[in-house]
Amino acid sequence: MSEELISKKELLELAEISYGQLYRWKRKDLIPEEWFIRKSTFTGQETFFPKEKILERINKIQTMKENLSLDELADMFSPNISDLKLEKDELIKRNIVTSAVLKIYLELDQGSHQFTFSRMVEVYVLEILLQSGEINLDEGRMLLQVLKENAQLIKQKKCELVITRKLGVSSCLLLINSEGFYFEQGTKVITVISMMTCMEEIKAKLL
């Protein structure tokens, strides 16, 4: 089911904010650029937003800006919360990962029980794909290796994770700023995941 959108005009009225505020928050990276969706309408080009996400984000900004500057808020919403570390139990408590998938992750990763933001992204993606049944454990291991080896690429705004299968052989790759992708005949695309969306979803659970 497609995500419900809200027009810029409706958003400004509903959230009771000005055009200037909205674009100032965008410049400060408080609102992701990819949430500004340009669409053709009978009156020309208009800007729309994912309704639930943008209203929730504006509510958080308005609540938190009483105590934090815009720069401090930008750090909170940044794609990589570099200084943040959480214990594994806190990840379960914040609904980032289930205990079952966390156990699998720690068996595959064999790292610390303390999680940086990068490792939160890894375990969150593993959670999504294992719970959906789209990948198996071997593919999960391959997925983690790709994410770890390309941790810097993942921070880019348009990074997508793609898992494919052909003749029983799986592949995992990251696409940066891709407008589309094509594989040889017989290749099945198992899943395509926006890494920025995953990071935004994790931050929503952290804030």
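The values are calculated or read from the model by the stated rules, or taken from the named source; none is laboratory data. None of these values were measured; they are calculated from a predicted model. Virtual Cβ from ideal backbone geometry, glycine too; neighbours counted across all protein chains shown.
Within region 160-206, can you find the residues that are of a type in the set (A, V, I, L, M) and either outside the structural domain of F115 (by TED's automatic domain parsing) or part of a helix (DSSP H, G or I) (or both)? Lay out the reasoning, then the answer.
Restricting attention to region 160-206, the residues satisfying the condition of being of a type in the set (A, V, I, L, M) are 161-163, 167, 169, 173-176, 189-190, 192-193, 195-196, 199, 202, 204, 206.
Listed by number, the residues that qualify are M195, M196, M199, I202, A204, L206.
Being part of a helix (DSSP H, G or I), under 17 Å from the mean Cα position of the chain (by Cα) and not aromatic (F, W, Y) narrows it down to one residue among E52, E13, E3; which is it?
Details: E13 fails: under 17 Å from the mean Cα position of the chain (by Cα); E3 fails: part of a helix (DSSP H, G or I).
None of the others qualify; the one that does is E52.
Which one of these does C172 not meet: (1) at pLDDT 90 or above; (2) surrounded by fewer than 17 Cβ atoms within 10 Å (Cβ to Cβ)?
(2)
Within the group R57, R24, R38, which residue is farther than 20 Å from C198 by Cα, in contact (Cβ under 8 Å) with a residue 24 or more places away in the chain and basic (K, R)? It would help to see each step written out before you state the result.
Details: R57 fails: farther than 20 Å from C198 by Cα; R38 fails: in contact (Cβ under 8 Å) with a residue 24 or more places away in the chain.
When all the criteria are applied, what remains is R24.
List the residue pairs whose Cβ atoms are under 8 Å apart, where the first residue sits in region 84-102 and is over 19 Å from E200 (Cβ atoms), the second is part of a loop (DSSP other than H, G, I, E, B), and the two are 6 or more positions apart or on different chains.
Hits for this filter: E87/H113; K88/H113; I92/T98.
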